[in-house]
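So the structure is just underneath, and the comments pick up after that.
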Amino acid sequence: MDKKRNVNIGARLDRLPNSSWHIKMWLVTAFALLVCWSNGIGGAVQNILLNEIHWLEPGSKLLAMWSTTYTAGQLFGALIGGPIGDKIGRKKSILLYEVIHIIAMIGGAVSPNIYVLYVFRLIQGLGLGALLVVLFAGFTEYVPGRNRGTWSSRTSFIGNWAHPICNGIALLVVSTGVSYAMNWRIQFMIPSVLSIIASILVAKKFPESPRWLEAQGRVDEADELMTKIEKEIEAATGKPLPEVTEEPKQVKQLPYSALFKGKLLRRTIVGSLVLIGMNTIQYTLMNWMPSMLSSLGFDTSQSQFMTMFGLFGAPFGIFIASLIMDKIPRKAMGVVLLAIMAVFGIITGRQSSMGGLILWTFLLNTAIYMYVCYASAVYVPEMWPTSAKLSGSGFSNAMGRVSNIFFPFLVTYVANSAGANGVFILISVVAIIIAVSILFLGIETRGESVEDIGNID
């Protein structure tokens, strides 16, 4: 096989009109993302183990490790999952990481004690950390550069319904009279079954990335697959496809070390900082909100109810993001969202009534998940060349998780010494620091093709 041959996959993909093929790719990716619930159920399960089952105790190191253990798994999953995905391909890596995650979810559901649960919690994080990298970053290779942000935002929109859905299920199961001892186990089993369905859909409906095949020198396979996609879209639209007008662009094979030198180093730094901000803020609120509400005097059911309604801000925020993502420069959008989060965090921390807390946690979650969509689904995944896309995105995700290994201990200390208001102020401070970092270090990627973004000469 002639590895120097160029079949112009990027230009052929970028000139494709929106079609049922794109919708199919989006739905499969979004469903797989939606049912990755080991992160979505974290706060609800922690609340039950802390306040009802008493496997966890307030202010204990074991409690802080609930988030830390999971995040450590995500760190290593993202760190090794990215390079593996760049080596074996997008489809195979999705299926591999799904299997790991499913097994860990089932193991968590049948755990006899907190220590066994923590082992499976670690493996859950590993599987999910790797899976999120390939789902988000890999998907950017299938859609045109002109509306890549919109498609990726739509994926994130579907996926982040997981958070209110998970909390709603937890509340529903409680209302049916099922004991708390069984409630949290059911929360682990439901996504296990749904993830098996997602894996079957990926195996049957999800093609390998032709961009990745071309980058690997497998140009005949890339051309054959791309031709099949083109014929499917022509059949669906009933119209011939536009001619390819762009000249072929060099497809570079970059080693892992390229992430840490030259122009890619800047992207590695800013990508890591963007995701450090996302992870510390998102997971603090997601995992600690029920417990913080309980500390304000609300019982377990009330805190779960308030958390659920507050988390409806997640899909709402991502829906808004999907409408504006490709209309606003990436750097500006990140800075503005972080500034809004800082202000809303301070206001939320000053609330004490149920109505006020529901309203402002909803607004805060709206801003946070607009940023989550921006950071994890669009900005960080799209800033890498194809041959290093999962490696770059994976390393940035791993660095984002590093902060979350230690951050829960800081949150535990702040929560015990300054209460819920102190935690919200902490969130605001983090948001301001990351906003300044994006302002000075960020790169612009809106509307650029994958190949142009990847040109680092």
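Throughout, read-outs are computed from the coordinates displayed, never taken from laboratory work. None of the values given here were measured: they were computed from a predicted structure.
With no solvent and one point per C-alpha, what does the Debye sum give as log10 I(q)/I(0) for region 102-209 at q = 0.13, 0.16, 0.25 Å⁻¹?
Per q value, in the given order, log10 I(q)/I(0) is -0.62, -0.88, -1.43.
Looking at the square roots a ≥ b ≥ c of the eigenvalues of the Cα gyration tensor of region 168-271, which shape do they give, rounded for a/c under 1.5, prolate if a/b is larger than b/c, or oblate?
It is oblate, given that a/c is not under 1.5 and a/b is not larger than b/c.
Please report the relative contact order for region 346-452, taking Cα pairs under 8 Å with a sequence separation of at least 6, and give it as a percent rounded to a whole number.
Numbers: 43 pairs, mean separation 41.1, N = 107.
Taking the mean separation of contacting Cα pairs over the length of region 346-452, I get 38 percent.
Once fully extended, how much extra length lies between A332 and E243, figured as 0.36 nm per residue of separation less the alpha-carbon to alpha-carbon distance? Before the final figure, lay out the partial values.
Working: separation 89, 0.36 × 89 = 32.04 nm, distance 3.44 nm.
Full extension from A332 to E243 adds 28.6 nm.
Quick one: check the C-alpha center-to-center distance for region 68-103 versus region 333-357, whole angstrom.
33 Å
Would you mind checking the pairs K87/K205; K87/K261; K92/K228; K204/K331; K263/K389; K205/K231 and listing those with alpha carbons more than 26 angstrom apart? Before the final figure, lay out each step's value.
Values: K87/K205 21 Å; K87/K261 21 Å; K92/K228 20 Å; K204/K331 38 Å; K263/K389 15 Å; K205/K231 16 Å.
Beyond 26 Å between Cα atoms: K204/K331.
Show that you can apply the helix-only estimate: for the chain, add -39,500 (n - 2.57) for every DSSP H stretch of four or more residues, divide by all residues, and state [θ] at 222 nm to the nearest 500. Don't skip to the answer; put the middle values down first.
Numbers: 18 runs with 336 residues, N = 457.
After summing the helix terms and dividing by residue count, I get -25000 deg cm²/dmol.
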